[in-house]
1. Residues in segment 30-79 that are more than 17 Å from residue 226 (Cβ to Cβ), touching a residue at least 60 places away in the same chain (Cβ under 8 Å) and more than 27 Å from the chain's Cα centre (by Cα): how many?
2. Does segment 214-222 contain at least one residue that is within 18 Å of the chain's Cα centre (by Cα), modelled with pLDDT of 95 or more and surrounded by 20 or more Cβ atoms within 10 Å (Cβ to Cβ)?
3. For segment 158-209, give me each residue that is touching a strand residue (DSSP E or B) at 6+ places or on another chain (Cβ under 9 Å), among the polar types (S, T, N, Q) and within 16 Å of ligand 2 (Cβ to nearest atom).
4. Scan segment 218-237 and report the pairs whose first residue is within 23 Å of residue 96 (Cβ to Cβ) and whose second residue is of a type in the set (S, T, N, Q) and surrounded by fewer than 16 Cβ atoms within 10 Å (Cβ to Cβ), with Cβ atoms within less than 9 Å and a gap of 6+ or a chain change.
Amino acid sequence: MVDSYASITFVQAFEDTENELKNNLPPWEKATFSEKLYIFAIKSIILLPVIVVLFIISSTYTIYLAFYIIPILIDNNNRPEVYFWHTDSEKTSAAIRAIIFIIFLTWNIFWLLISLYKASKTDPGSIPRTLEWDIILEDSSESSTEKVTIEKRKDGSQRTCNHCQLRKPDRCHHCKQCDRCILKMDHHCNWIANCVGNNNYKYFFLVVFYGATSLILFVSTFWESVVICLCDDSNSEVFMLFIVTVYALVFLLSITVVAFMFFHIWLMWNNFSTIEFCEKKRAKSNNFDKSPYSQGAYNNFKENLGNNPLMWFLPFGYEKSKDSGLFFNTKKY
Ligand SMILES: [Zn+2]
Ligand SMILES: [Zn+2]
């Protein structure tokens, strides 16, 4: 039995759903020792991207502290000529700058970790298991859908999910990895080991936002340490290579994350989900500025980040009503 499990590759494990994998396994209490090892391995694989994210956050923060902030603050270098600050006033202003930077970075990482936790732990939202959404009612009753227009296929039939046996609300999609329908599904994100949907999109966006601001700070200041490190010939070549490599990798990561942040700001501005954007792209539609759900930029941001603009950048104030994600206002163009 274990041998057949072992034939599943790492890649398949990522692509298969967690539920499918669980269904092929006995419950934890009844599992043998080797099966428990396998269950543990599968759970570890699913959590691996999250562990990678946490490793990147903690190692980048530690490197910034150890090789940028602390050398400025303790100022005990034996090669003062390679530093950018020489006089007492220059040293004082460099120290004040360093303290402001580390407070700013710590503040960003703090909210990044809370947002990551909430993005990962919040249920993205699923179709209620009520008669209203039961597939049997598809043609028999219109009463439950009076206040909304349920998205229809081109042939006029309602969207239904054959896996969940439920009618699909607008913007809802079935996630293969979660093995269920997700309300206002954006995409499945392995980095948070969760789907991004109606109830946790804000937290996901804040992960990207605080990740981007932290990376911008790192890239725009740590270059000083790179120059100092390269100019100080008392450093070993291995250390120089390490510092340059770290900076290059963080630089590339920052470009990716900042671009991703602006992409999501654009999506929110126009009230698209990532899936809807991809659908438009696949359909080769150039009408990217017109989502049928768009209610104007300000209302679109309110829908995605919460009603109170003062709370938009904090991972709170996003509690959703019972029928949130089921019905959407549509504006016809
Ligand atoms: Zn489904
Ligand atoms: Zn999912």
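1. Number of matching residues: 1.
2. yes
3. Once the filter is applied, which keeps residues that are touching a strand residue (DSSP E or B) at 6+ places or on another chain (Cβ under 9 Å), among the polar types (S, T, N, Q) and within 16 Å of ligand 2 (Cβ to nearest atom), segment 158-209 yields 177, 194, 198, 200.
4. Hits for this filter: 228/77.
The values are calculated or read from the model by the stated rules, or taken from the named source; none is laboratory data. Keep in mind that what you see is a predicted model, and the values were worked out from it rather than measured. Positions of Cβ are generated from backbone atoms using ideal geometry, with glycine treated the same way; all protein chains shown enter the neighbour counts.
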